[in-house]
Amino acid sequence: MEFNDVINNRKSIRSFDPHKTVSDELIKKIITSAQRTPSWTNSQPWRVYVATGGTLASIKADHLERTQNKVKGNSDLAVIHRVDWGQAMAENSRVWNAEISDYLGEEGLAAFSDLQMHLFNAPAVIYLTVERKVSPWMIYDMGAFSQSILLAAANEQVHTIPAYETAKYPDAIRKIVGIPDNEVIIGGIAMGYRSEGKINQFHAKRSALDHFLTIKH
């Protein structure tokens, strides 16, 4: 695809077709493309684990049980309550929540909650980790690497969503996937092919440039 098509067509997919898998060869191709991501002194801090098949089924079963039992998430990366977010971020989030709620309605929101509990029915989840001796600059590099994965996948017409939900219970992920204790799980990217679900037709708006861009001469 042309680069602008990749950028403009990429979107977060929240409902995957569980019957359409992504081949190992295609996953490797996507990650190979993402390896071109720049990093401080070419340190390439990322480690990548991909859960599919029975491994992912075990993760999903554990995630569903904990979510249904209202077990609080404890992701490796700390989170802060939305009331403590900066004003612009909080407002963007508020608008998104209001718009998607209006779009889906009560029944649709219940279905969305169910999708989250089942990790969006994704046939694959990519887990990104970095060694625990980590600096904020390494997190910066990991963000760039994540975006490269999303764009490389979009170029192959594979759909994705980076989501907190995928990394909500890191102890289970670490045990099931075999991730060493000396690695921090930065996050997860659900991957697959979109379903025909209504939620995938929702398009989030982006802020106007003058809300966040400053050019000084």
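Can you spot the lysines whose alpha carbon is less than 25 Å from residue 72's alpha carbon? Ignore those fewer than 8 places along the same chain.
List returned: 60, 168, 175.
Report the one residue of 79, 178, 98 whose Cα lies farthest in the direction of the positive end of the charge dipole of region 66-179 (charges on C-beta: Lys and Arg +1, Asp and Glu -1; origin at the Cα centre).
About the Cα centre, the residue reaching furthest to the positive side is 178.
In nm, what is the difference between 0.36 nm times the number of residues separating residue 164 and residue 33 and their Cα-Cα distance?
Between residue 164 and residue 33, full extension yields 44.8 nm more.
Of the options 167, 134, 46, report the single residue whose Cα projects farthest towards the positive end of the charge dipole of the chain (beta-carbon charges: Lys, Arg +1; Asp, Glu -1).
Going by the Cα projections, it comes out as 134.
For the full complex of protein chains and a 1.4 angstrom probe, list 48, 83 by accessible area with the highest value first.
Of 48, 83, the descending order of accessible area is 83, 48.
Spelling out what I want: for every residue of region 59-67, take phi, set θ = phi - 60°, compute 6.51 cos²θ - 1.76 cosθ + 1.60 (Karplus), and round to whole Hz; glycine and proline get x.
Here the 3J(HN,Hα) series is 4, 4, 5, 5, 4, 5, 4, 5, 5 Hz.
Give me the lysines in straight-line cross-link reach of residue 29: C-alpha distance below 23 Å, same-chain residues under 8 apart excluded.
In chain and number order, the partners are 11, 20.
Would region 76-154 count as rounded, prolate or oblate if I go by the C-alpha gyration tensor, calling it rounded below 1.5 in a/c and otherwise prolate when a/b exceeds b/c, oblate otherwise?
oblate
In terms of solvent-accessible area of protein heavy atoms at a 1.4 angstrom probe, what is the ranking of 159, 81, highest value first?
Most to least solvent-accessible, the answer reads 81, 159.
Where only protein heavy atoms count, and the probe is 1.4 Å, what is the accessible area per residue for region 74-217 in Å²? Provide the component values of the computation, followed by the final result.
Details: 8390 Å² over 144 residues.
Here the per-residue accessible area is 58 Å².
Can you tell me the dipole magnitude for the chain around its Cα centre, using point charges on the Cβ only (Lys, Arg +1; Asp, Glu -1), in Debye to the nearest 20? Show your work: numbers first, answer last.
Values: 24 positive and 24 negative charges, 64 e Å.
About 300 debye.
Need one value: the accessible area of residue 1 in square angstrom, 1.4 angstrom probe, rounded to the nearest 10.
Residue 1 has an accessible surface of roughly 110 Å² with all protein chains in place.
Hey, quick one: spin label on residue 23, modelled 7 Å out along Cα-Cβ, who in region 112-140 has an amide N within reach, i.e. under 20 Å?
Residues 123-126 qualify, since their backbone N sits under 20 Å from the label point.
The values are calculated or read from the model by the stated rules, or taken from the named source; none is laboratory data. Computed from a predicted model, the values in this text were never measured in an experiment. Here Cβ is always computed from backbone atoms with ideal geometry, including for glycine, and neighbour counts include all displayed protein chains. Accessible surface areas use protein heavy atoms only, side chains included; no ligands, DNA or RNA. Shrake-Rupley method; radii C 1.70, N 1.55, O 1.52, S 1.80 Å.
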